[in-house]
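Below is one structure, written out as structure tokens; comments come after it.
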Amino acid sequence: MIRCAFSFRRRAAPGGSIALAMLMAVTIAGHACAQAGEPIKIGYSMSLTGLASNGRSALLAQRIWEEETNSKGGMLGRPVKLVYYDDKGSPSEIPAIYTKLLDVDKVDLIIGAYGTALTAPAMPIVIQRRKTLIGLLGLAVNSNFNYPNYFVVAPYGPDAKPAFTKGFFDAVLPQNPKPRTVAIVAADQEFSRNAADGARENAKNGGLQLVYERTYPPATADFGPVVRAIAAVNPDLLVVCSYPSDSVGMVRAVNELGFTPKAVGGAMVGLQSPAIKAQLGPLLNGFINYEFWLPVPKMQFPGVTDLISRYQARAPAEGVDPVGYYMPPWAYAQLQVLQQAVEGTQSLDDAKLGDYIRAHSFSTVVGDIEFGAEGEWTHSRVLQVQYQGT
């Protein structure tokens, strides 16, 4: 920790000018001291191309945190500096990026990348180096590692895989007549496979018969054959676990083929984007899908409205999501948790940070967070919405 010492020589002056002069000197010198020393470097990868719309949106929120934190004196009396590289939305880029961050850039702390398939490849390095890692939106990443110093800010809760689509089933099962059959389709990538695992569990718990379950290659462009195969078994429900371009393709194919199950949606990444909503328009009507944060009264947590306002003011110039309801609150909260752990321990030691995060609650723009099993939230708070009148 940087320490600064100040000395003052008393001189005769009228009235209270000595005290005022000393106060001004302490204020000015204290501000300079807060920005002294080498910056605390926080390293990570971010999808700035590939899954660019979401990654760049998250990055803007993180840069807002960086600027705000430095304007208030940084952490531990040192400025903070974000060090990040474009992972291009490709899992194969991740090991080299995190190795470079730790061995070449010598970052003090690391945080997780955007999603599941981009966080999991970093875990072997994290575990080997005994680093603490706070993830962003990775789904059930730690279920295969059980590493005690992994945490994730996304609100999946202790049963992360089923939490992602539980709201979908809760919303549609009360229909009369009750749905009896379900189809599950997923991209052949880690996030979507995890979400599909959870959907299968939810279907079983809901007494549904699974009549179709397939994965499709990530490079799939034509979803007509996929939807035709599903329609052939005529399920009451269709759960789709997809990435942005896949989600668009699935919505178009469902509409073009006139496939009308009782409900369709669940785990479709990308439909949260205003640009994709505008692109699909009325084709989205009736789809039921997840969200993480919306500007409803019960989710107006301290600081979130101010963050969204600052983000929206800068978004047009950055060419990112102009609304900012999906990624920014979570990207900002990711760094809030790290900051509160550093300040709570007065340390950059990963073991101390991990112990602190496991034992404390964190006040963030997405509400209070406590971490439990496998570094997930102690409770689940995944939303489900139905698109209407688009």
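Structure data summary
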read-out	value
Nearest 10 degrees, 0 to 90: helix 244-256 Cα axis against the chain principal axis	30
Karplus-derived 3J(HN,Hα), 6.51/-1.76/1.60, for each residue of region 87-100, Hz, glycine and proline x	8, 6, x, 10, x, 5, 7, 5, x, 5, 5, 6, 5, 5
Spherically averaged projected area of region 160-291 from its Cα convex hull (nm²)	7.1
Alpha-carbon Debye profile of the chain, log10 I(q)/I(0) at 0.11, 0.14 Å⁻¹	-0.79, -1.20
Potential lengthening between Ala219 and Gln386 on full extension [0.36 nm per residue; Cα-Cα distance subtracted]	57.4 nm
Residue (of Pro235, Leu348, Val152) at the positive-pole extreme of the chain, dipole from beta-carbon charges	Leu348
Residue (of Ile64, Ala195, Tyr387) at the positive-pole extreme of the chain, dipole from beta-carbon charges	Ile64
Gaussian network model of the chain, Cα within-10 Å springs - most flexible of Val141, Val264, Val211	Val211
Candidates Thr364, Thr220, Thr116: whichever shows maximal mean-square fluctuation once the chain is modelled as a Gaussian network with Cα springs under 10 Å	Thr220
Burial ordering of Tyr243, Tyr216, fewest other beta-carbon atoms within 10 Å first	Tyr216, Tyr243
Sites matching chymotrypsin sites (Phe, Trp or Tyr not before Pro) across region 341-385 that sit in DSSP coil, with at most 14 neighbouring C-beta atoms within 10 Å	none
Set of lysines near Lys178 by C-alpha distance (under 20 Å), chain-local residues within fewer than 8 positions excluded	Lys166, Lys204, Lys262
Candidate aspartates and glutamates - alpha carbon under 16 Å from Lys161, same-chain residues fewer than 8 apart omitted	Asp170, Asp188, Glu190, Asp197, Glu201, Glu291, Glu374, Glu376
Cα centre as origin, Lys/Arg/Asp/Glu Cβ charges: region 160-291 dipole, Debye	300
Packing-based order for 153-161, 315-323, using average beta carbon neighbours within 10 Å, highest first	153-161, 315-323
Cα shape, region 310-390, gyration tensor, a/c 1.5 rule	oblate
DSSP bridge orientation in the chain - percent antiparallel, rounded to nearest 5	25
Sites excluded, trypsin sites (Lys or Arg not before Pro) in DSSP loops with at most 12 other C-beta within 10 Å, longest stretch of the chain	131-390
Partners for Lys81 among lysines (Cα-Cα distance below 25 Å; same-chain residues under 8 apart left out)	Lys41, Lys72, Lys100, Lys106, Lys131, Lys352
Acute angle (nearest 10 degrees) that the helix 52-71 long axis makes with the longest principal axis of the chain, alpha-carbon atoms	20
Among Gly281, Ala113, Gly50 - extreme Cα towards positive end, dipole of the chain, charges at beta-carbon	Ala113
Helix axis angle, 160-172 relative to the chain longest principal axis, alpha carbon, degrees	50
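No lab work stands behind these numbers, since they all come straight from the coordinates. On a predicted model such as this, the values are computed, not experimentally measured, just so you know. Using ideal geometry, Cβ is built from the backbone for each residue, glycine included, and neighbour counts are taken over all protein chains shown.
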